[in-house]
Structure formats: C-alpha cells, structure tokens
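Here, each number is a calculation from the coordinates, and none is a lab measurement. Quantities reported herein were computed from a predicted structural model and do not represent experimental measurements. All Cβ positions, even for glycine, are placed from backbone atoms using ideal geometry, and neighbour counts span all protein chains on display.
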C-alpha cells in the first residue's frame, strides 16, 4: 500500500470510529447496517470479483446465517457458538453450491444460484416448524461478550465495526497470499491456470465456500442488529442489492464493497427529501453511474489516475528525436 493510501485508510478508520458519537439512534443503526452488509459484500467480491464466479445467492446465505444464529440463541446456546455455527454451516452449504460452478459458467451459473436463493426463501417462508414462517423470529437479544453488553446501539456498532475490521484484515492477507493469486488466475483464464497445474476444482469450491461463510457471518450480526427477522428480508432483493454494492464500488477492488455498501445504504436515505420519488431518483443515478463507469467507482478512479500519469509523463527519447529530425512536408 502506498503512503497516500495508508493515510486515506487511517483517516477513514478515524471517521468511522468518531462519527457515531455525533449521531442519534437511527444514524448509528444505518452505520451498523453498513458494517454488517459490507461483510456480505466482501464475501461476494471474493467469489465474483476475484474468482470470477457469478453468484446471486449471497442474500440467501445472509438469511441462513441470521436464522441459524437466532434459532440457536433461542435454544439456549451462547452467541459466540451460534456465530461460529452460522459461519460453518454457510461454509459447508457454499462448498456444495460450488459444484455446479465446476460444470456451468457465466449466466448459467447465475441461474443456478438464483434458483438456490429462491429455494432458501421458500423454505424460510413455508417451513413454520423450523423458521416460524411469515411470523418471523422476534426478541433476538444482543450479546454480552466478556462482560461487555452490546445492547445499546453505539456499543453494537463498535462490535460490528470491530468484526468488519478483523474480517477485512484476514481477507487482505488471503488475497495477497498464493490463494488470492490462484483466485485471480481462475478468473482471468481457467484453462491456462489448469495447464499450469492449478487445482481449479478446489479453488472454485473454496471461493464459493469462503464467500458464503462471510455471508453467514453477516447474517449472524444482522439478526441481533434488527432483533426481528422474517423471510422477506432475505428475498432476491437482498442478493441484488449486495451485487449492486460490489459492482458500484468496483468488482475485484478490495475497497470496492466498502464504498458500494455505503452508497447503497446511505444514498436512498439522503434521497428521501424527494419524498415519493426517491426510489426513482436512486435507480436513475445507479443507471447513469453504470453507463459512465461500468468498472465501478474504484475502476473509474484508477483509470483517471493512469490517464493523468500518462499525460504528465515525459515523451520517450526515441519519440523526441524523431520529432526533432522530422522534416516538414512540402
């Protein structure tokens, strides 16, 4: 990381830690939602942005994680065990969902994951003996960790932000490890990666499993955040919203989900001043953004920096000498 990048990251962390002190309850709730959904978006960015595997099921894994944590806590298990169980269950299901990716790609894989999301939604809605159906699960308590109660909004925000920081640091290490380079090779050219001896089968499954487990962790945080969950919260709209976060921020850029989630969570709230037109304005702004910067905000910034550097760079010596010796045409 460059020096300017480190300074910008430190400034962003300071703002994220200090800003909630000046906000009321709903503002802290929005920041907590941003932290929780960013974790799910980071998982989708790993699967889609780095490994190149299209997934429209991330919202389903958030739902699985939320229901797993809520049901286990109601059964008497402490929150840390419910949290770990949500991550492990989503890891196992994500590993199984990765098998279709070994046979189909691109939009075919998108349809498979879309069908899985629909299946999970139907189970959450119809299997009342397990999920309470359309009545949902209420009264989900926020945890007490080592004597520290997270019942208050500010305390729970710092807990969510702490989890986001730990997961982001682990993911940063993973992406810069041989595993991360293998994921990128799988995205760029799977046939070439296979010819170089890369076990594309294992890395495809791992990309789905790790990304899904992050969705489960996000769900385990989402359940005590809202303290009431029901099936409609984890319908297809959530998966599309998470996909929007990754694409708007910049698919394949580490910090893309952070900015994309911030836009997806806060921009609709800021646009409520337009009253009943805020969703129309929000949709139009997203369409214009995708039309003019299809690589996301970080992709647009990266290309602008490259263009600026090329403009400032001195011409090559060979080009200068050619211009000096070139004679004007008669």
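How would region 110-261 be classified by its alpha-carbon gyration tensor: rounded, prolate or oblate, with rounded meaning a/c under 1.5 and the a/b versus b/c comparison settling the rest? Walk me through the numbers on the way to the answer.
Values: a/c = 2.30, a/b = 1.45, b/c = 1.59.
In terms of gyration-tensor shape, oblate.
Expressed in nm to one decimal, what extension gain is obtained for the pair residue 184 and residue 288 from 0.36 nm per residue of sequence separation less their Cα-Cα distance? Mind showing how you got there, number by number?
On the way: separation 104, 0.36 × 104 = 37.44 nm, distance 2.86 nm.
Residue separation times 0.36 nm, minus the Cα-Cα distance, leaves 34.6 nm.
Restricting the calculation to Cα positions, tell me the Rg (one decimal) and the Dmax (whole number) of region 240-288 in Å.
11.2, 35
According to the square roots a ≥ b ≥ c of the eigenvalues of the Cα gyration tensor, what is the shape class of region 1-112, taking rounded for a/c under 1.5, prolate for a/b larger than b/c otherwise, and oblate for the remainder?
Details: a/c = 2.43, a/b = 1.26, b/c = 1.93.
Oblate, since a/c reaches 1.5 and b/c is not below a/b.
I need the peptides 65-77, 290-302 ranked by packing, meaning the mean over residues of other C-beta atoms within 10 angstrom, with the highest value on top. Before the final figure, lay out the partial values.
Working: 65-77: 21.0, 290-302: 15.5.
Ranked by mean Cβ neighbours within 10 Å, highest first: 65-77, 290-302.
Calculated FRET efficiency, residue 199 and residue 305, Cβ-Cβ r, R0 35 Å, to nearest 0.05? Can you show the working numbers first?
Working: r = 36 Å, r/R0 = 1.02.
Given R0 = 35 Å and the Cβ-Cβ separation, E is 0.45.
Take the alpha-carbon positions of region 118-176, form their convex hull, and give its projected area averaged over all directions (one quarter of the hull surface) in nm².
Values: hull surface 27.2 nm².
It is 6.8 nm².
Would you mind checking the tilt of helix 58-74 against the longest principal axis of the Cα atoms of the chain, expressed as 0 to 90 degrees and rounded to 10?
So the inclination is approximately 30 degrees.
What ranking, highest mean first, results for peptides 87-96, 207-216, 138-147 when packing means the other Cβ atoms within 10 Å averaged over each residue? Before the final figure, lay out the partial values.
Values: 87-96: 19.9, 207-216: 28.4, 138-147: 12.9.
Top to bottom by mean Cβ count within 10 Å: 207-216, 87-96, 138-147.
Give me Rg over Rh for region 48-96, both radii from the alpha carbons and Rh done the Kirkwood way, two decimal places. Before the final figure, lay out the partial values.
On the way: Rg = 12.5 Å, Rh = 11.6 Å.
Result: Rg/Rh = 1.08.
Modelling each spin label as a point 7 Å along the Cα-to-Cβ direction, I'd like the residue 8/residue 23 distance in nm, to one decimal.
Distance between the two pseudo-spin positions: 2.2 nm.
Report, in degrees rounded to the nearest 10, the 0 to 90 angle that the Cα long axis of helix 107-126 makes with the longest principal axis of the chain.
For helix 107-126, the angle is close to 20 degrees.
Please tell me the relative contact order of the chain in percent, rounded to the nearest whole number, where contacts are Cα pairs under 8 Å and at least six residues apart. List each step's numbers first, then the result.
Numbers: 461 pairs, mean separation 99.0, N = 330.
In percent, rounded to a whole number, it is 30.
Enumerate the whole-percent occupancy of each 10 Å bin, from 0 to the last occupied one, for all C-alpha pair distances of region 22-325.
In order of increasing distance, the bins hold 6, 25, 32, 22, 9, 3, 2, 1, 0 percent.
Using only Cα atoms and rounding to the nearest 10 degrees, what angle (0 to 90) does helix 3-18 make with the longest principal axis of the chain?
Roughly 30 degrees, rounded to the nearest 10.
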